[in-house]
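The values are calculated or read from the model by the stated rules, or taken from the named source; none is laboratory data. Source: prediction; values computed, not measured. Ideal geometry is used to build each Cβ from the backbone, glycine not excepted, and the neighbour counts take in all protein chains shown.
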RNA sequence: GGCGCUAUGGUGUAGUUGGUUAACACGCCGCCCUCUCAAGGCGGAGACCGCGGGUUCGAGCCCCGCUAGCGCCGCCA
């Protein structure tokens, strides 16, 4: 039978990078094995599910280049089938009605509350089969139900035995039935619960391999119980190590903010292929030592056996804007930006410059060559797509800012530059043809005449022309900026006005 | 509290059936290149392989114990 896997996020927020990685692994596995990658939106929690989240998940997957097969499944559409299955299990005696009134559980510190309850229960010894309604005679159960008394349906977990499965990542997993509570299948309001729904949907969708986060590892035993009660065969399971924050806590939006959202990477100038490549390496490693991999290579090399078991730390600093996300992710993005085919980069740049209102149609017409050459020149030291419209702004617009540190370092330290630069502008205005080589000859000749080091004029020019202290080799910059703009900018008084004010 | 999972330099990971200088990438430091900053080249610091016991001629790899971190334990998903 061919492989069928799925990614099943719940639309209760943005797409978390951990979830995105799970989607990636599923997708790679399906593509590698020639199987199908299905998408199911688990929107059974009506309170928290939003359409905006669904949209954001879809966008995120599309951005990463993860296309899904077959129809998108909304779990809520199967609501009735799931409820019916619970009643079927009830009829078959595999489940029972629990008439215990629903407990009030304030959502706030729910996890803590559960732990406390478990602690208290453990203190006096727990018997998970002690529910008073577990062995209620069928007649009485039916009678009370008919009388309109509310009830939940719980799975009747056998007293003796254990569940067992072979996890593709974590190996053999076993758990005694005694440790598993009779889980609720259907709430008293008639809504099926997660564990029932996933199992039913996975069966209906023909899922052969369930690849998901390790947080589901112990829950898998409960789901196996449901598979068994349903008489269905088990899929293969593969659980993925979790992604942790620098302080080793679980990555969450609440605590860590936008760094955990996939859309942040799109919005902050990541190249999808770069982020995808980075994500693939979080918890998985190929046989070779090669880390930069194309999608095709990723697919060809991917295997469940390459997945590690230890949780991975995702590094970032909340105080240092230069390290806003993992340094390796940033490095990888820079690597992609400077080495990828220019033709693949240009469309992304077009979108970026458009958003920054720096795009001009000429860049695809008469200035096409200039644009390509300039992008190729400046991309060498950029980390994100955003850098093109920020640090690179001066190449596309006359309206750019002067970096304060650059002005101090390259202009203010030598007062004579106020006279030297306009004079240099005068000289450069006569350079013909305008090439890096000719500008260099002219500039060096002038520096000798003026008795100053060429470096002084070069660095000052860099700041005058680009507003920056750093950038590509300056003569290439002169060529890219062009003679007319060069002359004008060298004569500009703007950087000096701040000085006058002091 | 119970159950489970994990544990290799700051981070991500390799470490083949146990075999002797623990590998790669990012980051960090230095040198070269140089008009700046990157990139690139070269070199370096950084891991007693969580701790303690075993088994063995020999253990990061096997066994036991401990510790720590994480996860799960809901009429949430």
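Go through segment A:1-111 and tell me which strands (runs of 3 or more DSSP E), entirely inside it, have 2 or more residues that are more than 23 Å from residue A:203 (Cα to Cα).
Hits in segment A:1-111: A:95-98.
Looking only at segment A:199-240, count every residue that is part of a loop (DSSP other than H, G, I, E, B) and either buried (at least 22 other Cβ atoms within 10 Å of the Cβ) or touching a helix residue (DSSP H, G or I) at 6+ places or on another chain (Cβ under 8 Å) (or both) and tell me the total.
Summing the residues that are part of a loop (DSSP other than H, G, I, E, B) and either buried (at least 22 other Cβ atoms within 10 Å of the Cβ) or touching a helix residue (DSSP H, G or I) at 6+ places or on another chain (Cβ under 8 Å) (or both) in segment A:199-240 gives 5.
Please find, within segment A:103-125, the residue that is nearest to the chain's Cα centre (by Cα) out of those that are under 21 Å from residue A:187 (Cα atoms), within 8 Å of RNA strand B (Cβ to nearest atom) and at pLDDT below 75.
Ranking the candidates gives A:107 first.
Within segment A:137-167, which residues are surrounded by fewer than 18 Cβ atoms within 10 Å (Cβ to Cβ) and assigned to a loop (DSSP other than H, G, I, E, B)?
Within segment A:137-167, A:137, A:147, A:148, A:149, A:150, A:158, A:159, A:160, A:161 qualify.
For residue A:80, state whether it is more than 10 Å from RNA strand B (Cβ to nearest atom), more than 24 Å from residue A:3 (Cα to Cα) and surrounded by fewer than 16 Cβ atoms within 10 Å (Cβ to Cβ).
yes
Out of everything in segment A:333-377 that is touching a residue at least 40 places away in the same chain (Cβ under 8 Å) and more than 26 Å from residue A:295 (Cβ to Cβ), what residue ends up being farthest from the chain's Cα centre (by Cα)?
Step by step, filter segment A:333-377, then rank; the result is A:370.
Within the group A:470, A:487, which residue is within 13 Å of RNA strand B (Cβ to nearest atom), in contact (Cβ under 8 Å) with a residue 24 or more places away in the chain and under 30 Å from residue A:362 (Cα atoms)?
Sole residue among the options that is within 13 Å of RNA strand B (Cβ to nearest atom), in contact (Cβ under 8 Å) with a residue 24 or more places away in the chain and under 30 Å from residue A:362 (Cα atoms): A:470.
Please state which of the following conditions residue A:406 fails to meet, knowing it meets all the rest: (1) away from RNA strand B (no atom under 14 Å from the Cβ); (2) within 30 Å of residue A:267 (Cβ to Cβ); (3) at pLDDT below 95.
Tallying (1) away from RNA strand B (no atom under 14 Å from the Cβ); (2) within 30 Å of residue A:267 (Cβ to Cβ); (3) at pLDDT below 95, residue A:406 fails exactly one: (1).
Give the residues of segment A:163-193 that are in contact (Cβ under 8 Å) with a residue 24 or more places away in the chain, near RNA strand B (Cβ under 7 Å from one of its atoms) and within 20 Å of residue A:240 (Cβ to Cβ), sorted by residue number.
A:170, A:173, A:175
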